[in-house]
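J.: So that we are looking at the same thing, I have put the structure below in structure tokens.
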Amino acid sequence: MFSLLTRSGLTLRRSHAKRSPVSSISAQFLDIRWFVSDSRRPEQLLEHLTEPQREAVTHATGPLLVVAGPGSGKTRVITHRAAYLACTVTQPQHILAITFTNKAANEMAERMRRLGVAGATCSTFHSFCARLLRMYGDRVGLGPDFSIYDEADQTAAIKQAIERLDLDAEAFTPSKMLNAISKAKNDMIDATQYTEQARDWNEKVIAPVYTAYEQILAEQNAADFDDLLIKAARLLGDHADLRDRLEDRYRYVLVDEYQDTNHAQYLIARGLCLQRENLCVTGDPDQSIYGWRGANIHNILQFEEDFPSAKVVRLEQNYRSTPQILAAADAVIRHNRKRKRKELWTGNAAGRPVRVAGCDDAQSEAAFVAGQIGEHVAAGGAYGQVAVFYRVNALSRNIEAALRDASIPYQVARGVAFFQRKEIRDTLAYLRLVANPLDQVALRRIINVPARGLGEVTVERVISHAAAVGRPVLEVLGQPESIAGVGPRAAGSLREFTRMLTDIAAAVRQGSLQTALEQTVRQTGLAQMWSRDEDDDAIANADELINFAAEYDRQHADGSGSLTDWLQQISLVADQDAIDPELGAVTLMTLHAAKGLEFDVVFIVGVEDGLLPHERARDRKAEVEEERRLFFVGMTRARRNLTISSADWRDRRGMSQRTSRSLFLAELPRDKIALLRIGEDGQPNGDETADEETPASSDEFAEWRQGQLVRHPKYGVGRLLWVQPRGGRTHAGVKFAAHGQKTLVLEFAKLQAVDSDDAD
DNA sequence: TTAGGAAGGTTTTTT
DNA sequence: ACCTTCCTAA
């Protein structure tokens, strides 16, 4: 965001008075016990609701599952239900609503306030757990100022673990290890259990790393993202007194996007509702898109078994999209075999057909999108009602360039990217160290940034000395002369470094984060380093960070803020949090980030084999189904117009490569879509030239895709490089192990598919 | 110890 | 194309 957000040619710098997209997350806990502002009668809340919606809203006690199709008014039901409960059976402060992003949490709080209910807690799982751990973390080995390690910090910790074990297991990259550890954590398998269960060679290598990694996190008073959830789950599981206290506080619990909860989140939701079972979950199995990070779709599928007394309400009427859009999305999702049947329908008026645009290359695709947005606005539409979705972030580049060229304002939903920038991480590392002196990942990051003559050798000496005398590193830093092997020069630098930290800590105690940050940037020499390197981006971004701190200061003028809390907010920022709907700009984001949003006009670009479904998912049926759900989520965001595009050529790794179209395109219903052919200029080439593009003759090979293994009677086994319908025949490039690359016509080549699908 | 260049590996999605 | 890491020279 910030500078990323404002890359468009137009001026989008927001004034300070305006709410910064990410600063809005600070309001996430709304514990203020206000009065229910008007004496709204409960019946009023039921007006304008359909029968099933009303059923869900008025179901007061006991478990409730709301299976809500896209655009079925789910958010409305949730907020009305919370409001209804608050003025019939309970008070606002006894309601806990858990959503997927901070942005959604804020929105829910805001909508409830508009319904006259203030004081409910609206939060994400991660924020809720973090706050819980700040209070009760001592029971699971965390001090109140623990650091939250993101992926980069985790990687650093893993590297430390590997070093400590004297392992040079280059067979695994740290990120592979991290994945394995994260997966284990998501299943609530701790390092001890993992070690006991380790069967194959992989697991036996990873087990000691997992153990060492956990040790390092504990030493540094740090928790990774997974820890937030699993430590909170353990807290609830092991401490009945705490559970009782929380259950008394939160008597009605509501979990949104339940299809994307993992095992730890499931345990937390359960743990909060053991006695009253006033748990209401909402979600849609067809929109489960986070299986890859441990989400367990069975949580929602088995809700009725978990809670035999559960009431189930299905919301199937769609109020969002045109019948064409809904029918197209429905036709696609029906191809998923592991699925509960659901009938989607809408009473909305017919609109335009869904458009499927085949483009020459990624540039013409981008130009096409920009041109169409221009036309939309020329016809009276607003930029703010347009979104472009893609499978991978890298695809935003072309689109951004084309929008800039066309002077179209846009925002990219990449809230986290800002905080991952080097200059921001460096600056924050100083503050992290002040908040949590045990945060060695932060220490190692900046002890020699900017360079002050403290090399690897010195740092290791200091750290091992600290370990030897059993004192915290920061304490040892202050008396460098007592460390063997540290010369006078290094000692001077160490003292200077310690003094800077002390000064920053003092500035933080003064209560202004803005001042503390300004001082950090100046005193540490970071600012000087950036100007020396003429790194204008770094300077601008650091300024943005300072503004962000200033905004926090302003919102916590009453003294309710803290450095730890500010850092926590930053750690838990989501990409979606960076979107400002008021900005009046086109929104660019990944399909994952699109969940829960809606726009009048939607473009889904790069719908090509290998991209959607992504090549990493393509070999496993379950993963292809998740990719299909992702496509479904994207399609169903559209209210009025939906355009799906693919390019015949796309740059990958610097080289232009032939693509083949996504198998999902063949699943769109012919009669609901309009096919377009887009030339180099990004203009449609006549309307009905699409026929040669449709794989009319090649239905037989429609399922064949890039990367698939095939067997040729003469050449043996090979892999499909590309598949392209051409004039009633299907051409394909195949790379054979023994005979190199060949171009074949599938109708004649007598290729057999070699099935590489894993049963999952 | 640092800087700078060459080589080499790498790419999904994210709280 | 891009980033990280490794290597070498100063």
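J.: Output the number of residues of the range A:440-466 satisfying the condition of being in contact with an Asp or Glu (Cβ under 9 Å, 6 or more places away or on another chain) and without any contact (Cβ under 8 Å) to a residue 24 or more places away in the chain. Spell out how you get there, then give the answer.
T.: Start the filter on the range A:440-466 by keeping residues that are in contact with an Asp or Glu (Cβ under 9 Å, 6 or more places away or on another chain), which leaves A:440-442, A:445-446, A:448-450, A:452, A:466.
Subsequent filtering for residues that are without any contact (Cβ under 8 Å) to a residue 24 or more places away in the chain retains A:448, A:466.
The number of residues fulfilling the criteria is 2.
J.: Among the listed residues A:Leu567, A:Leu597, identify the single one that is within 22 Å of the chain's Cα centre (by Cα) and more than 30 Å from A:Cys359 (Cα to Cα). Before you say what the answer is, go through the steps one by one.
T.: Values: A:Leu597 fails: more than 30 Å from A:Cys359 (Cα to Cα).
That would be A:Leu567, the only listed residue that is within 22 Å of the chain's Cα centre (by Cα) and more than 30 Å from A:Cys359 (Cα to Cα).
J.: State yes or no: is A:Leu642 under 25 Å from the mean Cα position of the chain (by Cα), part of a strand (DSSP E or B), buried (at least 23 other Cβ atoms within 10 Å of the Cβ) and more than 16 Å from DNA strand C (Cβ to nearest atom)? Let's see the steps before the verdict.
T.: On the way: under 25 Å from the mean Cα position of the chain (by Cα): yes; part of a strand (DSSP E or B): yes; buried (at least 23 other Cβ atoms within 10 Å of the Cβ): yes; more than 16 Å from DNA strand C (Cβ to nearest atom): yes.
Yes.
J.: Got a number for residues in the range A:562-580 being more than 19 Å from A:Leu132 (Cβ to Cβ), away from DNA strand B (no atom under 14 Å from the Cβ) and of a type outside the set (D, E, K, R)?
T.: Qualifying residue count, the range A:562-580: 1.
J.: Which residue out of A:Ala505, A:Ala593 is within 16 Å of DNA strand B (Cβ to nearest atom), at pLDDT 90 or above and either in contact with a strand residue (DSSP E or B) (Cβ under 7 Å, 6 or more places away or on another chain) or within 26 Å of A:Ala223 (Cα to Cα) (or both)? Quick ask: steps written out before the conclusion?
T.: Details: A:Ala505 fails: within 16 Å of DNA strand B (Cβ to nearest atom).
It is A:Ala593.
J.: Output yes when any residue across the range A:512-533 is touching a residue at least 60 places away in the same chain (Cβ under 8 Å), surrounded by fewer than 18 Cβ atoms within 10 Å (Cβ to Cβ) and not in a loop (DSSP other than H, G, I, E, B), and no when none is.
T.: Within the range A:512-533 (the criterion being touching a residue at least 60 places away in the same chain (Cβ under 8 Å), surrounded by fewer than 18 Cβ atoms within 10 Å (Cβ to Cβ) and not in a loop (DSSP other than H, G, I, E, B)), the answer is yes, since at least one residue qualifies.
Conditions (1) under 21 Å from A:Glu667 (Cβ atoms); (2) crowded, with 23+ Cβ neighbours inside 10 Å; (3) not aromatic (Phe, Trp, Tyr), marked per residue:
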| site | (1), (2), (3) |
| --- | --- |
| A:Ala331 | yes, no, yes |
| A:Arg334 | yes, no, yes |
| A:Lys338 | yes, no, yes |
| A:Glu343 | yes, no, yes |
| A:Arg352 | yes, no, yes |
| A:Cys359 | yes, yes, yes |
| A:Glu365 | yes, yes, yes |
| A:Val369 | no, yes, yes |
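J.: If you don't mind, another one. I'm told A:Ala207 meets every condition in (1) surrounded by fewer than 17 Cβ atoms within 10 Å (Cβ to Cβ); (2) without any contact (Cβ under 8 Å) to a residue 24 or more places away in the chain; (3) part of a helix (DSSP H, G or I) except one. Can you identify the failing condition by its number?
T.: (1)
J.: Follow-up question, since we're still on this one. In the range A:313-356, how many are among the hydroxyl-bearing types (Ser, Thr, Tyr) and touching an Asp or Glu at 6+ places or on another chain (Cβ under 9 Å)?
T.: Of all residues in the range A:313-356, those among the hydroxyl-bearing types (Ser, Thr, Tyr) come to A:319, A:321-322, A:346.
Pick out the ones that are also touching an Asp or Glu at 6+ places or on another chain (Cβ under 9 Å) and you get A:321.
Looking only at that region, the number is 1.
J.: Being of a type outside the set (A, V, I, L, M, F, W, C), within 30 Å of A:Arg76 (Cα to Cα) and at pLDDT below 95: is that true of A:Glu582 here? Break it down stepwise before answering.
T.: Values: of a type outside the set (A, V, I, L, M, F, W, C): yes; within 30 Å of A:Arg76 (Cα to Cα): yes; at pLDDT below 95: yes.
Yes; evaluated as a whole, the condition is true for this residue.
J.: Could you please find all residues in the range A:598-617 being more than 9 Å from DNA strand B (Cβ to nearest atom) and either in a helix (DSSP H, G or I) or surrounded by fewer than 20 Cβ atoms within 10 Å (Cβ to Cβ) (or both)?
T.: A:Glu598, A:Asp600 - these are the residues of the range A:598-617 that are more than 9 Å from DNA strand B (Cβ to nearest atom) and either in a helix (DSSP H, G or I) or surrounded by fewer than 20 Cβ atoms within 10 Å (Cβ to Cβ) (or both).
Yes/no per residue for (1) part of a helix (DSSP H, G or I); (2) under 17 Å from A:Ala578 (Cα atoms); (3) away from DNA strand C (no atom under 16 Å from the Cβ); (4) hydroxyl-bearing (Ser, Thr, Tyr):
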site	(1), (2), (3), (4)
A:Ile373	yes, no, yes, no
A:His376	yes, no, yes, no
A:Gly381	no, no, yes, no
A:Gly384	yes, yes, yes, no
A:Asn398	yes, no, no, no
A:Ala402	yes, no, yes, no
A:Ser407	no, no, yes, yes
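J.: Tally time: how many residues in the range A:618-632 are over 26 Å from A:Ala753 (Cα atoms) and either touching a Leu at 6+ places or on another chain (Cβ under 6 Å) or part of a loop (DSSP other than H, G, I, E, B) (or both)?
T.: 1
J.: Identify the residue in the range A:45-79 that is among the small types (Gly, Ala, Ser) and over 18 Å from A:Ala269 (Cα atoms) and, among all such residues, is surrounded by the fewest Cβ atoms within 10 Å (Cβ to Cβ). Please lay out each step first, then the result.
T.: As a first pass, look at the range A:45-79 and keep what is among the small types (Gly, Ala, Ser): A:56, A:60, A:62, A:68-69, A:71-73.
Within this subset, residues satisfying the condition of being over 18 Å from A:Ala269 (Cα atoms) are A:56, A:68-69, A:71-73.
Details: A:Ala56: 27, A:Ala68: 24, A:Gly69: 25, A:Gly71: 23, A:Ser72: 25, A:Gly73: 20.
Among them, the one singled out is A:Gly73.
J.: For the range A:650-671, indicate whether the set of residues that are within 16 Å of DNA strand C (Cβ to nearest atom) and hydrophobic (A, V, I, L, M, F, W, C) is non-empty. Steps first, please.
T.: Filtering the range A:650-671 for residues within 16 Å of DNA strand C (Cβ to nearest atom) gives A:650-657.
Retained after the next criterion (residues that are hydrophobic (A, V, I, L, M, F, W, C)): A:655.
The answer is yes, given that some residue of the range A:650-671 is within 16 Å of DNA strand C (Cβ to nearest atom) and hydrophobic (A, V, I, L, M, F, W, C).
The values are calculated or read from the model by the stated rules, or taken from the named source; none is laboratory data. This one's a predicted model, so the numbers in the text were calculated from it and none came from an experiment. When we count neighbours, we look across all protein chains shown, and the Cβ atoms used for this are built from the backbone with ideal geometry, even at glycine.
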